[in-house]
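The values are calculated or read from the model by the stated rules, or taken from the named source; none is laboratory data. Treat the numbers as computed from the prediction; the structure is a model and nothing was measured. Heads up, the Cβs are rebuilt from the backbone with ideal geometry, glycines too, and the neighbour counts pull from every protein chain shown.
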Amino acid sequence: MTEFKELISYRDAFKTTRILALTVIVLCIGLTGFIYYQSIEKEKQMLNNIWIKTQDGSMFSAERVGVMTKEDRVIEYKHHVKWFYNMWYTLNKDNQENNINAALNLIEKKPGEELLDYYISQNVFQKISQTGRSFISKLKGEPEIHISTNGIIGRVYGTIDFYDEQRQVYRKQHLDVEFALNDVIGIEGRSNINPHAVKIASWNVINDKEVKNNE
């Protein structure tokens with residue numbers, strides 16, 4: 001009788017241990033699932049709050065298009081244009097390769113190739129590398145953006161200072177541009193190389209005259 005009671009107690013203890021073990025396993029699975037869910041939600045939140053650093057060093061948060069107003073999107077269009085303008089027209093022997101490669105990610109293939117071909121035909125990269133000369137762009141105010149049924153167009157105004165080997169300005173010229181933009185946020189989405197999800201569709205210089213002393 002005693003052995004029977006001990007067997008029952010043993011079975012009860014084993015059953016209890018098994019239940020506890022299963023409970024622990026279930027809790028561990030649940031905890032793992034919860035942690036995974038939280039990590040996914042955190043990643044989504046990070047994607048929804050992209051911080052973009054522009055060429056001039058300013059920072060702004062780019063909300064996803066689903067919660068953005070038209071005005072917010074226009075601000076991104078302007079930042080995109082300023083970013084391209086400053087990178088494409090600010091070159092020296094140390095930054096020219098990085099700036100050109102980064103800028104080409106912000107513009108459609110055909111207009112990008114046209115701008116690059118112009119630099120190559122003028123031996124811009126070779127001259128910069130061999131002489132140590134450089135040029136720096138300066139924007140004059142915010143880009144103009146106009147949105148209509150025909151698309152997104154605008155203008156941007158600025159100047160370029162050309163520096164010699166002694167870092168002295170030897171020429172200054174206007175650089176005013178008309179442009180068109182493609183909004184690709186619904187096609188390509190945001191990325192590290194194109195955080196605004198915008199592509200420049202056309203880029204036409206309308207004024208590159210030399211700046212006179214009285215201007």
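Name the single residue that is nearest to V156 (Cα to Cα) among those in the stretch 89-103 being in contact with a Phe, Trp or Tyr (Cβ under 9 Å, 6 or more places away or on another chain) and in a helix (DSSP H, G or I). In this case the residue turns out to be A103. Condition (residue is without any contact (Cβ under 8 Å) to a residue 12 or more places away in the chain, part of a strand (DSSP E or B) and aliphatic (A, V, I, L, M)) applied to the stretch 160-178: is it met by at least one residue? Yes, the stretch 160-178 contains a residue that is without any contact (Cβ under 8 Å) to a residue 12 or more places away in the chain, part of a strand (DSSP E or B) and aliphatic (A, V, I, L, M).
Among the residues of the stretch 114-134, those that are part of a helix (DSSP H, G or I) and among the polar types (S, T, N, Q) comprise S121, Q126, S129, Q130, T131.
Okay, residues lined up against (1) exposed (fewer than 15 other Cβ atoms within 10 Å of the Cβ); (2) in contact with a helix residue (DSSP H, G or I) (Cβ under 7 Å, 6 or more places away or on another chain):
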| site | (1), (2) |
| --- | --- |
| R133 | no, yes |
| L139 | no, yes |
| I147 | no, no |
| D161 | no, no |
| D176 | no, no |
| D183 | no, no |
| S191 | yes, no |
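Please indicate, with yes or no, whether at least one residue in the stretch 66-88 is touching a Phe, Trp or Tyr at 6+ places or on another chain (Cβ under 6 Å) and either surrounded by 13 or more Cβ atoms within 10 Å (Cβ to Cβ) or not assigned by TED's automatic domain parsing to the domain that holds N192 (or both). No, every residue in the stretch 66-88 fails to be touching a Phe, Trp or Tyr at 6+ places or on another chain (Cβ under 6 Å) and either surrounded by 13 or more Cβ atoms within 10 Å (Cβ to Cβ) or not assigned by TED's automatic domain parsing to the domain that holds N192 (or both).
Filtered by the rule that a residue be of a type in the set (V, I, T) and modelled with pLDDT of 95 or more, the stretch 129-168 gives I136, I145, I152, I153, V156, T159, I160.
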